[in-house]
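Just so it is clear, none of the values below were taken in a lab; they were calculated from the coordinates. Because the structure is predicted, anything quoted here is derived from the model rather than measured. When we count neighbours, we look across all protein chains shown, and the Cβ atoms used for this are built from the backbone with ideal geometry, even at glycine.
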Amino acid sequence: MNTEIPSGLPLRERKKLRTRQALIDTALERFTESGFDGTTLDELCAAVEVSKRTFFRYFDSKEDVAMAPTQDLWTAFLEDLRTWRPDGRTLLAQLQETLFTALGRMPDEGWVDRVLLTRRLAARTPSMNAHGLQFCDRTTRAAITILKERFGLADPHDLRPRLALDMLIAAFHCALEELTFQPGPANRDDLTARLRDAFAAIPGSVTMTL
């Protein structure tokens, strides 16, 4: 899978990004073919021709490299949230816009394919699923901390920021699930469209009666 390496970066930084991407792509390929537990870290490093020491400069574990495509999106989301300026809309609406901004920073070619591979692997790999849940919890807590620090949300018992973030993340997972049913290849624009549909369904889900 190809990825986009900014040409304006110094050569050293471009090499680092290529090495990191090679580890991600090779890990997803090996884990898909041989299983997560059936692929050792030594085998992964040998396939990319790097040492384990080099591997640990980029990732903390096999789970970390396998989940990297999705984690990259939420890391970008937190970065954008730190510079976000309120514009009078609801918190949820502005969180949604921040996620769209972060999504626009992801590579257009190949990234969604890697995210979907990660999702399929996590569905059948307990350690990856647990790692994903832990990352999700850390991301939510980090986002709440940013909101409190930047906007003075002083009440620790105010549940609204947490619920807004939970709805944001749930909508993202719904969009991914819908994307898996799409015939043919998927790209960033397809995920964006599915995400808009999921966000649009939130108000109706809150008021839905049976």
Q: Using the charge dipole of the stretch 32-95 (Lys, Arg: +1 at Cβ; Asp, Glu: -1 at Cβ; taken about the Cα centre), state which of Leu92, Ala66, Val48 has its Cα farthest towards the positive end.
A: Leu92
(Q) If packing is taken as the average number of other Cβ atoms within 10 Å across a peptide's residues, how do 201-210, 34-43 rank, most packed first? (A) 34-43, 201-210
Q. Hey, rough spin-label estimate for Glu149 and Asp190, points 7 angstrom out along Cα→Cβ, what's it come to in nanometres?
A. 3.8
Q | Hull-based mean projected area of the stretch 117-176, where the convex hull spans the alpha carbons, in square nanometres | A | 4.7
Q: Over the stretch 25-103, calculate the relative contact order: mean separation of alpha carbon pairs under 8 Å at least 6 apart, over the residue count, as a percent.
A: 23
(Q) Please compute the Kirkwood hydrodynamic radius over the chain, one decimal place, Å, based on all pairs of different Cα atoms. (A) 18.6
Q: List, in order, the whole-Hz ³J(HN,Hα) value for each residue of the stretch 191-200 obtained from phi through the Karplus relation with A = 6.51, B = -1.76, C = 1.60 and θ = phi - 60°; use x for Gly and Pro.
A: 5, 4, 5, 5, 5, 4, 4, 5, 5, 5
Q: Could you tell me the number of lysine pairs in the chain with C-alpha atoms less than 22 Å from each other, where the two lysines are 8 or more residues apart or belong to different chains?
A: 5
Q | Per-residue HN-Hα couplings for the stretch 121-137 [Karplus 6.51, -1.76, 1.60; θ = phi - 60°; Hz; x = Gly/Pro] | A | 5, 4, 5, 10, 10, x, 5, 5, 4, 5, 4, x, 5, 5, 5, 4, 5
Q) In cubic angstrom, how much convex hull volume per residue do the alpha carbon atoms of the stretch 59-160 span? A) 120
Q) Taking 0.36 nm per residue of separation and subtracting the Cα-Cα distance, what length does fully extending Lys15 through Leu133 add? A) 39.4 nm
Q. What order, most packed first, do the peptides 21-32, 115-126, 149-160 have when packing is the mean number of other Cβ atoms within 10 Å of each residue?
A. 21-32, 115-126, 149-160
